[in-house]
């Protein structure tokens, strides 16, 4: 018994050593990120002068310059500025698109959530679903990014192991209930991690319309609709042609929609 | 050694069951609160002849789950077996359900009967209908001395359209009493009672006791000729509002009438019937159709009828922000008490006005609403028309009823500011500003995260390992929660506490024996006079302690015995505790 416990203690010590966070990484900007920072700064100046059109161009240049080098928080900053700029230009719909793209990197950012809520309201889109159990569960599953989900799941696992260890050594009803509770907690904490294994759309696009969007079998406006997409639905871009985009939507809906009615969320 | 039966899986199952039970309770409570069923009962006829059969209809509305629990027992009346039926209709997207029980009733004795309430079980509730009155007579003469006509103002109405049932009663001039027996008067399923219209000024009226209890004012139309005979004619009216589509069944009506005489005693006077006659009017049906959905305006507030509207304001010359009382009156034949009136605060046409609420007066023939408005600027030159959608049953279509605009003059406030300036102090939502800091600033430290393999190992691998270890431990050492195992673990602490309480040689010896007994899960008596070496040899090899530990054990016991029985120096507590620790570490 003693040997087993000793081995276990060693194992746990190794585990903790592995799991310990790496030394802090200072936010140094690489070359691409530096150029992005410069564009971003210019965009901010223009934004402050209410020159929103040029500001949008600068922010777009910042995203392009920093492609692959920007961290999620940096990306969020630029995308939010884009959203604000197009909102000030009066295009609430496209503002929803930019804010939604930013939310993919920071799903719990309260200021972003407030802005997207207002933009959706101004654009006549329905509010982000809430109030139902399904909507709340979905919001919880997507409220953490993959690294955070792994940390949460890891924490849940540790709690469960600790409870099992106590039950192993001490036994009894209280320890058994502790294990049950810890198992439940571990499952709840691990849910976002499990959800991260569900394949996400490769090239997700957001339906940017106040009313439902007609999907046609070919890229021609005179054809009848074969399906309709709800405002705010997420679809996958499959192909594109001139002013049209071929999408695959919920329920395996496929077809063509006008390119300006959808907004790419990969930014 | 028995394994303990507290399995985490079993406990988790119990917890899950408790959670499911809580959810089920909450949802069933919600379901119960969503709609309250209504029960009612009607007689096909309030007066029948001896030996005749009539019908009682008991209805439970708004539920599918209703059972007739009790049929009252009334001597002199025989009830038949209930025939159950279920009805469902869909009106304007709402489902209306009804369970109906038809029970035949045969009059076997003459007299006045009160049928007690019918008891129904609706879901888990117990509901009762109202009691009903029934008169059973030997003979119903009366056609030559009176007449009764009961007719509706329409035989086909829409849901929400008021309906008047008019009753004309004619009596021979010699008759001095009349008692209508109208089973539908107090309760008619599927309808709501409306306020009666007041009698015209100057109309002559008399009071009648409907069903023997409800005092009703009837208009006296005076003497009229019919078929060459003269009758005193009376008129009664009942206004109802059908709230459910389908066939509205109005049962047969009777009026008992005749002459009353008076018995005078010394101290009292009593009326008695000298003769009694009956007239009846047949049952009839009114078709209630649902409101058409086609053409129904979005803003339709439920107004049905043939209505007119007019508006007036209490003033036409105001300052900006001053109150204007706009009074709008709807009149005519319609559901005046029930529709939703328009709200100027929600209308685009009233953009230039602030609405501060309204007061309402409702009556049978009028709906008066007074809106409190204030013009926001001097640009307002009139109070706009207030429109309302109404379904006109005569035209069978939706029409818009509009008031006339009312010209007004709005003067600016002194100082030039208007209510609009006041509105400038109001707040509104706006987007939150950008984060304008440079991209390299304020990002904080980024922590690494474990990879998927590590997470999976911690979530699944390690718990499986621990469970396996647990199984081994249980098999080998039994359940650590057993009382003996707990005693074993606490033995060193108990020894320390006992020695602190009493370190006399006898107490120390006893405490040590108890310690040994707890560690080996035996009683302390088992260690009395025990040869530690022999004991150790007798153990399975994997449970034996080291020879050195046995020597320490033996030596300590000898010293304790010498101190107790031989008068030797007592063993110091520290040494005793050290010896206990060493044997525990050796695996005792």
Filtering the stretch A:171-203 down to residues that are buried (at least 17 other Cβ atoms within 10 Å of the Cβ), within 7 Å of chain B (Cβ to nearest Cβ) and part of a helix (DSSP H, G or I) yields A:176, A:177, A:179, A:180, A:183, A:186, A:190, A:193
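Conditions tested, residue by residue: (1) at pLDDT 90 or above; (2) assigned to a helix (DSSP H, G or I); (3) under 57 Å from the mean Cα position of the chain (by Cα).
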{"site": "B:460", "(1), (2), (3)": "yes, yes, yes"}
{"site": "B:474", "(1), (2), (3)": "no, yes, yes"}
{"site": "B:488", "(1), (2), (3)": "no, yes, no"}
{"site": "B:492", "(1), (2), (3)": "yes, yes, no"}
{"site": "B:506", "(1), (2), (3)": "no, yes, no"}
Here is a check on your reading of the model: is residue B:321 closer than 27 Å to residue B:368 by Cα, surrounded by fewer than 20 Cβ atoms within 10 Å (Cβ to Cβ), out of contact with any strand residue (DSSP E or B) (no Cβ under 7 Å at 6 or more places or on another chain) and touching a residue at least 12 places away in the same chain (Cβ under 8 Å)? no
Against the condition in contact (Cβ under 8 Å) with a residue 40 or more places away in the chain, buried (at least 21 other Cβ atoms within 10 Å of the Cβ) and within 29 Å of residue B:287 (Cα to Cα), how does residue B:148 come out, does it pass? yes
Could you tell me whether the stretch A:152-169 includes any residue that is within 7 Å of chain B (Cβ to nearest Cβ), farther than 23 Å from residue A:104 by Cβ and surrounded by fewer than 17 Cβ atoms within 10 Å (Cβ to Cβ)? yes
Of the conditions (1) surrounded by fewer than 16 Cβ atoms within 10 Å (Cβ to Cβ); (2) within 14 Å of chain A (Cβ to nearest Cβ), residue B:522 clears all except one; give me its number. (2)
If I go through the stretch A:133-173 residue by residue, how many of them are out of contact with any helix residue (DSSP H, G or I) (no Cβ under 9 Å at 6 or more places or on another chain) and more than 19 Å from residue A:189 (Cβ to Cβ)? 2
Name the single residue that is nearest to the other protein chains (Cβ to nearest Cβ) among those in the stretch B:492-502 being surrounded by 14 or more Cβ atoms within 10 Å (Cβ to Cβ) and free of Cβ contacts under 8 Å to residues at least 60 places away in the same chain. B:494
Can you spot a residue in the stretch B:329-342 that is more than 30 Å from residue B:200 (Cα to Cα) and either in contact (Cβ under 8 Å) with a residue 40 or more places away in the chain or in contact with a strand residue (DSSP E or B) (Cβ under 8 Å, 6 or more places away or on another chain) (or both)? yes
Any chance you could count how many residues in the stretch A:48-81 are more than 9 Å from every other protein chain (Cβ to nearest Cβ) and part of a helix (DSSP H, G or I)? 16
Please tell me if residue B:265 is modelled with pLDDT under 90 and over 30 Å from residue B:211 (Cβ atoms). no
Would you check which residues across the stretch A:115-167 are in a loop (DSSP other than H, G, I, E, B) and under 21 Å from the mean Cα position of the chain (by Cα) and list them? A:125, A:126, A:127, A:128, A:129, A:130, A:131, A:132, A:142, A:143, A:144, A:145
Please verify whether the stretch A:137-149 includes one or more residues that are under 30 Å from residue A:30 (Cβ atoms), buried (at least 17 other Cβ atoms within 10 Å of the Cβ), at pLDDT below 85 and at the interface with chain B (Cβ under 10 Å from one of its Cβ atoms). yes
The lone exception for residue A:104 - which of (1) crowded, with 16+ Cβ neighbours inside 10 Å; (2) without any contact (Cβ under 8 Å) to a residue 60 or more places away in the chain; (3) more than 9 Å from every other protein chain (Cβ to nearest Cβ) it fails: (2)
When you look at residue A:218, is it more than 27 Å from residue A:116 (Cβ to Cβ) and within 14 Å of another protein chain (Cβ to nearest Cβ), yes or no? no
One residue is enough: does the stretch A:2-18 have a residue meeting the conditions within 8 Å of another protein chain (Cβ to nearest Cβ), buried (at least 19 other Cβ atoms within 10 Å of the Cβ) and at pLDDT below 90? yes
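The values are calculated or read from the model by the stated rules, or taken from the named source; none is laboratory data. The structure presented is a predicted model; accordingly, all values stated were derived computationally and were not measured. Note: ideal-geometry Cβ built from the backbone for every residue, glycine included; neighbour counts use all protein chains shown.
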